[in-house]
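Please read the structure below before turning to the comments.
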């Protein structure tokens, strides 16, 4: 039975979410497959570099896993509503396991390795959307937002653990063994989801062909002013903050310890942002939107003075606190959408988020070839502040128009 409605101003904690039926399986499967995937990204880039000695092709392994997610989100999101979520979750994990296993075939050409990485990227938004459909079926609005926050915390933790584990494992075993472990992690995730979650019904089976339905849903979402603003607030600040990862190596002049500090600070800030956002609760989040939205751009502007690495790490940590706006966005999407529409919309949101982050990383890397890294980051901060101001100003204008229209329809009183 669906649980709907927005809780008052109360706080749904991470512990309360974990205790909900089926949530433990969803969260453990997410963490397990993600750690394996992050470690495999390290392994695949090393494997490609060893074969080609090309830094560009090694970097392309990450781009191939990210950018196709945007195409999948635009073209395939309606599949999320057409199938039973558990069947789609398990199917996506099995497809990914097969794609990663195919990377282990001896002598497979590099172009095929990149194509297989792109294949995993195409599958990811379907998995994300199906998981959102399960959450919408299990949780009320407050718990849904907290569960999404917890998934992001696990993602950042997996990045820290996966990169560390991947680097350590590569010193002991080869990249092929890491890829094999990733394939096994997908199989384990599929098993957990198959036997640890319920068989929820499809959200909206529909009769339209999947491609046309996906394009129709995407177009309708982007034409809706509320959805468009919420989605842009997800995509634009994230795309402008992700260059801190792309430029960490040149900023620290390739010194491993300093690079690790810059990356770890950004991940730690994101984890702190999610915890603070959950503590704020539903009622206080709208009042915090403006300072939270601006903090990322302000922190990046601090790079204009070319600070030392320790100060830059502090700026990364503070700037990452701006990711707490994701909870306000999730809350807005939940309040604006019926539960049966959430799977498709979150597939679109997540897939395009990864795509714009991949493009942001590529653009920052290209700019850093012709401009000083600290100036690239400061410029990203200025663009972040401008974009957030325009988006929130548009929200303010729309709110005033709705209020004015409501007052105009109100019957006149007086003597």
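Remarks
- Nitroxide proxy distance, nm - points 7 Å out along Cα→Cβ at residue 340 and residue 105: 4.2 nm
- For the range 12-202: relative contact order, % (alpha-carbon pairs under 8 angstrom, 6 or more apart): 46 percent
- Here's the picture: a label point sits 7 Å out from the Cα of residue 16 along the beta-carbon direction, and within the range 119-148 the residues with their amide nitrogen under 19 Å of it are 135-148.
- Neighbour counting of Cβ atoms within 10 Å sorts the residues 200, 306, fewest neighbours leading, into 306, 200.
- Modelled FRET efficiency - R0 45 Å, residue 393 with residue 366, Cβ distances, 0.05 increments: 0.90
- Taking the range 9-116 and dividing mean pair separation by its residue count, relative contact order in percent (alpha carbons under 8 Å, at least six apart): 19 percent
- Centroid-to-centroid separation of the range 325-379 and the range 33-50 [C-alpha atoms, Å]: 22 Å
- Relative contact order (%) - the range 215-405, alpha-carbon pairs under 8 angstrom, separation at least six: 38 percent
- Additional length obtainable on full extension of the chain from residue 359 to residue 184, 0.36 nm per residue less Cα span: 60.0 nm
- Using R0 = 22 Å, the C-beta based FRET efficiency linking residue 290 and residue 382 works out to 0.80.
- Förster-model FRET efficiency, 51 Å R0, residue 222 and residue 173, C-beta, rounded to 0.05: 0.65
- Per-peptide packing, taken as the mean over residues of other Cβ atoms within 10 Å, places 270-276, 127-133, 223-229 in the sequence 127-133, 270-276, 223-229 from highest down.
Taken together, the values in this text are just the output of simple stated rules run on the coordinates, not laboratory data. Bear in mind that the values here come from a model prediction, so they are computed numbers and not experimental data. When we count neighbours, we look across all protein chains shown, and the Cβ atoms used for this are built from the backbone with ideal geometry, even at glycine.
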